[in-house]
Every structure is written in C-alpha cells, then in structure tokens.
Amino acid sequence: MAPDHAPDVQRFIDAQRFSPLQWLVFVLCFLVMVLDGYDTVAMGFIAPSLVQAWGVSRSALGPVMSAALVGVAIGALLTGPVADRYGRRKLLILSVLWFGGWTLLSARAQTIGELTVLRFLTGLGLGAAMPNAVTLMSEYAPARVRSLVINAMFSGFSFGLMAGGVVAAWLIPAAGWRSVLLAGGVGPILLALPLALWLPESVLFLAARIGGTARARAILQRIGPVAALENATIIAQAPTPAPAGKTAQSAAALMLMLSPRYRWPTILLWVAYFMALLTWYLLAGWMPMLFQDGGFSPRDAALIASTLPLGGVLGNLFAGWLMDRWTPHRIIIAAFLMTGMLSVIAGQCAGQPGLLGALLLVCGVAVTAPVTSLASYASMLYPTEARATGVSWMFGVGRFGGVASAFVGAALLGFGLQISVVFSLLVVPSLIGAFSLWAIQRDKTRGAVHWEPAEELTSEP
C-alpha cells in the first residue's frame with residue numbers, strides 16, 4: 001500500500017515526550033563529555049610536576065600544553081564531513097577509543113618532545129568526540145528543550161574538569177603525575193563497549209540516507225507511538241537536492257556551510273568560539289600554576305581551580321534553560337560580558353583563597369556558558385546534511401583559541417605579570433566574543449544575511 005503521509009522526523013521527535021531512548025543517548029554522550037573534560041584539563045594540573053620532574057622552564061611547557069589543542073582543532077575540522085558521510089555513531093565510538101589509547105601511551109612519555117607528539121595524537125580523538133556528541137544529542141532532542149538538553153549534556157565536560165582537579169590533588173602526591181594520565185586513558189576504553197552496544201545512530205542522519213529509513217523507523221518506534229508511523233514515508237526534513245556519491249555529499253556539506261546564506265554567521269560563530277575558548281583555557285589551563293606562583297600550595301591550587309568547572313555546571317544548565325525561553329544570542333552576549341567583569345573582580349582577590357574560590361565559582365557560571373551555548377546555537381543553524389560539518393568546524397576553528405591560550409599563558413608567566421593583571425586582560429576576548437554575536441543578529445535583522453535556525457528550515461512535512 002502506498003504511504004499516505006510523510007512525517008518530518010524532527011517534527012515527530014518534537015511532538016513526543018523525552019523517551020528512555022533519548023535519556024540513554026543523553027547519558028552516554030554525557031559520559032563522553034566527562035572523559036573529554038578530564039583529559040583536556042589533565043595537562044594543566046600535571047604541569048607543575050613536569051617542571052620539577054624534568055627540570056624544564058615554565059615557558060617550555062607551551063608546546064606540550066598546546067599540542068592536544070592543535071590536534072583537537074585538526075580532528076574537528078577533518079571529522080565533521082566524515083560524520084556527515086558515514087554517521088555520528090561510528091565516528092564517536094572510534095574517537096573515544098583513539099583518545100583513550102593515546103592518553104595511556106602519554107603516561108609513558110620520557111621527554112617533553114615525546115609527550116608533545118602523544119598529546120597531539122590524543123587531541124585528534126578529542127576533536128572528533130565532542131562535536132559528534134553534540135550533533136548526535138541535538139538530533140535526538142525536541143526543539144522545545146534542545147538548548148537545555150545540549151547544555152546539560154555539556155555539563156559532563158565541566159564534571160570532567162572537576163574530576164581532573166580532585167583526582168590530580170589526590171593522585172599526584174600519592175602516585176605521581178603519570179597516574180593522572182593513566183586514569184584518563186582507562187576510562188574512555190571502558191566506555192567504548194557500552195557505546196558500541198547501546199548508542200543508536202542519529203535518526204535524522206538515517207532518514208536522510210538512501211536505505212536508512214527502515215532503521216530510522218525502528219528507532220522512532222522507541223521514541224513515540226507506533227500508530228503515528230503506520231503507512232508513512234520517513235523523511236528527515238523538507239527535501240533538498242542530494243548530490244550523488246559520498247565525496248559529493250561531503251563536499252556539499254562544506255559548500256552549504258560556506259554558501260552566501262551561511263557564510264557570514266559561520267565566520268562570526270568561529271570568532272565568538274575562538275574567543276570563548278581563549279578565555280576559558282587561559283583560566284582553566286593556567287590557573288593551577290598561576291596560583292602556585294601566587295603562594296598557594298599545589299593541593300590548594302588544584303582545589304581552588306576546581307571551583308571554576310563547578311560553576312560551569314550551573315552555568316550550562318541555567319544558560320540552556322534561558323535559551324529555550326528567550327533570544328539565545330542575548331543570553332550568550334550577557335555571559336561574555338559577565339565573564340570580563342567577574343575576571344577583573346577575581347583578580348583583585350588573589351590573596352584571599354576563600355573569596356577567590358567563591359568568585360571563581362561565579363566566574364565559572366559565566367565563562368562556561370558561551371562555550372557550551374555556542375554549541376547549541378550552532379546546531380540550530382545548520383540543516384541535517386551539514387550539521388555535523390558546521391558544528392565540527394566551529395569546534396575546530398575555535399580550538400585555535402585554546403592553542404593560542406597555551407602560548408599566551410606561557411608568555412604571561414614569562415613576563416612575571418601579577419595574577420590581577422592576567423585576569424583583567426580577559427576583558428578583551430570577552431568583548432570581542434560579545435560583539436560577534438551582536439553582529440550576527442544585527443545583520444539578520446537588517447537582512448544583510450539570510451539564515452534561519454534549523455527548526456525553521458525543516459518545518460515542511
């Protein structure tokens with residue numbers, strides 16, 4: 001019998017309650033983010049130990065601190081088109097195994113050069129994991145709570161950062177710096193099995209593929225009532241011309257992302273994310289060493305620094321909740337501006353551990369919100385056939401902000417600047433990030449740029 005209707009997959013998901021399958025996707029992606037966050041911050045906590053163990057200068061740590069970030073940027077740029085071609089699930093599982101294995105090998109490094117190379121290879125997997133987790137979760141989340149769900153999932157990254165501080169404070173005195181990397185390598189390898197067993201492929205990706213509708217229908221039956229799918233043709237979104245061949249499909253995703261309709265907001269998103277990560281990594285990556293130079297013990301430095309990601313968890317949830325109710329770009333702009341203001345205030349309290357910890361907790365709310373909320377914002381911008389590419393390229397280009405932070409941080413330490421001055425300088429990237437989001441909305445309002453959130457692009461049945 002011929003189908004009598006063709007439900008839009010996103011509309012179908014939007015009409016249902018958050019199902020157990022969607023909770024499963026959330027939990028698994030959340031755990032990926034936890035491990036990603038732990039591995040990302042690990043070098044910041046073991047850096048003081050490397051200075052003592054290997055007798056190197058602080059400025060010599062710039063390359064090893066930035067190596068993983070360079071790998072993350074390249075990994076994100078390369079794997080976005082691959083995910084749009086082969087699927088989010090496969091790439092996510094492989095990336096988790098990849099960064100877990102190279103983290104284990106990093107624990108055996110004997111020189112700065114070896115560690116730099118191994119951290120670069122680790123970063124390739126980290127760069128593939130995060131954007132694919134974001135894309136997969138965004139394609140399972142109902143539009144009404146998408147920002148909250150993605151930001152809540154991104155809280156796993158902040159939990160990983162907190163775990164890094166706590167684990168480092170406990171393991172380094174007891175077992176040395178290598179134990180921190182060993183712990184960071186075992187976790188991803190253990191997680192790969194449940195990912196392979198239970199993580200479904202993106203139903204939007206399947207519905208957009210030739211021959212994928214049967215699998216898409218089976219997944220949708222685990223989300224909503226079967227009756228709604230009877231005698232139906234499953235489609236991902238309003239039909240768009242599909243290029244023939246996998247190479248053409250990959251190229252089409254890049255061409256769409258850089259087309260006149262998306263080019264300007266794409267570039268501005270890159271600038272905003274670059275500034276968000278430059279600010280975040282300067283705080284999270286270099287705080288332990290800054291605090292030790294300021295007279296704190298290694299244990300106190302690690303514990304005080306861990307208050308930043310704790311605030312990040314709160315910031316993720318609050319920003320996501322606000323973005324689902326008010327104009328998303330205004331929430332992100334406000335977070336950028338708050339980051340600059342709170343950083344200046346925190347810098348004036350460097351000699352007061354209790355007050356500094358409390359201020360960093362609040363600062364964590366603000367500084368983490370743009371990092372996570374821009375991921376949600378980007379997932380709304382691009383349609384299914386280019387979403388993984390668009391999100392991954394934002395992550396990849398933005399990660400060079402993290403790379404820059406490693407050298408900026410090393411230079412600031414080399415100049416011997418006081419903590420208050422270092423914190424005050426964070427006003428500059430915060431203002432640039434806020435301006436980028438404002439410019440996107442300004443040109444949208446003036447009609448200079450024609451783009452729409454993805455929900456509006458897929459509204460036709």
From the option list G87, G62, single residue qualifying as within 27 Å of W280 (Cβ to Cβ) and touching a residue at least 40 places away in the same chain (Cβ under 8 Å) is G62
Those residues of segment 395-436 which are surrounded by fewer than 22 Cβ atoms within 10 Å (Cβ to Cβ), aromatic (F, W, Y) and more than 18 Å from T266 (Cβ to Cβ), in sequence order: F407, F415
Across (1) of a type outside the set (V, I, T); (2) without any contact (Cβ under 8 Å) to a residue 40 or more places away in the chain; (3) surrounded by fewer than 19 Cβ atoms within 10 Å (Cβ to Cβ), W98 clears everything bar (3)
Taking the residues in segment 194-225 that are touching a residue at least 12 places away in the same chain (Cβ under 8 Å) and of a type in the set (S, T, N, Q) as candidates, determine which candidate is surrounded by the fewest Cβ atoms within 10 Å (Cβ to Cβ). T213
Could you say whether any residue in segment 102-109 is free of Cβ contacts under 8 Å to residues at least 60 places away in the same chain, aliphatic (A, V, I, L, M), under 22 Å from S179 (Cα atoms) and not in a helix (DSSP H, G or I)? yes
Taking the criterion of being touching a helix residue (DSSP H, G or I) at 6+ places or on another chain (Cβ under 6 Å), among the hydrophobic types (A, V, I, L, M, F, W, C), crowded, with 24+ Cβ neighbours inside 10 Å and modelled with pLDDT of 95 or more, would at least one residue in segment 102-113 satisfy it? yes
Having 1 or more residues that are at pLDDT 85 or above and under 20 Å from the mean Cα position of the chain (by Cα) is the bar; report the helices (runs of 4 or more DSSP H) wholly within segment 327-437 that clear it. 328-347, 353-381, 384-415
Can you pull out the residues in segment 11-46 that are over 23 Å from the mean Cα position of the chain (by Cα) and not aromatic (F, W, Y)? R11, I13, D14, A15, Q16, R17, S19, P20
Breaking point among (1) touching a residue at least 60 places away in the same chain (Cβ under 8 Å); (2) within 18 Å of F99 (Cβ to Cβ); (3) surrounded by 22 or more Cβ atoms within 10 Å (Cβ to Cβ), for G123: (1)
So for segment 27-39 (the condition being touching a Lys or Arg at 6+ places or on another chain (Cβ under 8 Å), surrounded by fewer than 24 Cβ atoms within 10 Å (Cβ to Cβ) and either touching a residue at least 24 places away in the same chain (Cβ under 8 Å) or not hydroxyl-bearing (S, T, Y) (or both)), does at least one residue qualify? no
Residues being buried (at least 17 other Cβ atoms within 10 Å of the Cβ) and among the aromatic types (F, W, Y): count how many of those fall in segment 161-193. 1
If we keep just the residues of segment 54-81 that are at pLDDT below 85, surrounded by fewer than 21 Cβ atoms within 10 Å (Cβ to Cβ) and of a type in the set (A, V, I, L, M, F, W, C), which is nearest to V203 (Cα to Cα)? A60
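If a residue counts only when it is modelled with pLDDT under 90 and closer than 30 Å to F45 by Cα, which helices (runs of 4 or more DSSP H) contained entirely in segment 119-223 have at least 2 such residues?
Those helices (runs of 4 or more DSSP H) span 146-175.
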Looking for something in a helix (DSSP H, G or I) and modelled with pLDDT under 80 - is there at least one such residue anywhere in segment 10-30? yes
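The values are calculated or read from the model by the stated rules, or taken from the named source; none is laboratory data. Since the model is a prediction, treat every value here as computed from it, not as a measurement. Positions of Cβ are backbone-derived with ideal geometry, glycine not excepted, and every protein chain shown enters the neighbour counts.
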